[in-house]
Amino acid sequence: MKLILISITAFLIFAAPVFSELTVEDLEKIRSIVKESEDRLKEDLKASEKRLTEHIDGKVEEMDKRLNIIFGFVIPLISLIVVVIGVPQIIMVWRGREERTQKEQIQELKQEIEALKQHIANP
């Protein structure tokens, strides 16, 4: 039994794969496999980058269209607000000037009337 056990152990220790070495052909095959894997990975990466760039460009164009639509709504609204608030303010300023000139004229007329009353009272 010992002999069988020692024989099996010897065969396992000195088996052919233990002493095998990589040949130049094996290394070239490994290099070619690695090179093919790298090339395939680079192609996949470029394709993925292209798809991502196209997707982002599409989203940017879509956002640009939306912003243009919003801009188209905002400018008229701002103009409307300016007109609604600005025109009444201009009218109020214009009326205020007229009222001031009328008040000044009334004040002058009052002074003239007072002067005439005094002139009539003291001939």
Against the definition (out of contact with any helix residue (DSSP H, G or I) (no Cβ under 9 Å at 6 or more places or on another chain), in a helix (DSSP H, G or I) and loosely packed, with under 10 Cβ neighbours inside 10 Å), how does L41 come out, yes or no? no
When you check V24 against the structure, is it surrounded by 10 or more Cβ atoms within 10 Å (Cβ to Cβ) and not basic (K, R), yes or no? no
If we scan region 58-68, do we find a residue that is charged (D, E, K, R) and open to solvent by less than 80 Å² (accessible area, probe 1.4 Å)? yes
Scan region 100-116 and give yes if some residue there is within 32 Å of the chain's Cα centre (by Cα) and modelled with pLDDT of 90 or more, otherwise no. no
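The values are calculated or read from the model by the stated rules, or taken from the named source; none is laboratory data. Source: prediction; values computed, not measured. Here Cβ is always computed from backbone atoms with ideal geometry, including for glycine, and neighbour counts include all displayed protein chains. Side chains included, ligands, DNA and RNA excluded: accessible areas come from the protein's heavy atoms. Shrake-Rupley method; radii C 1.70, N 1.55, O 1.52, S 1.80 Å.
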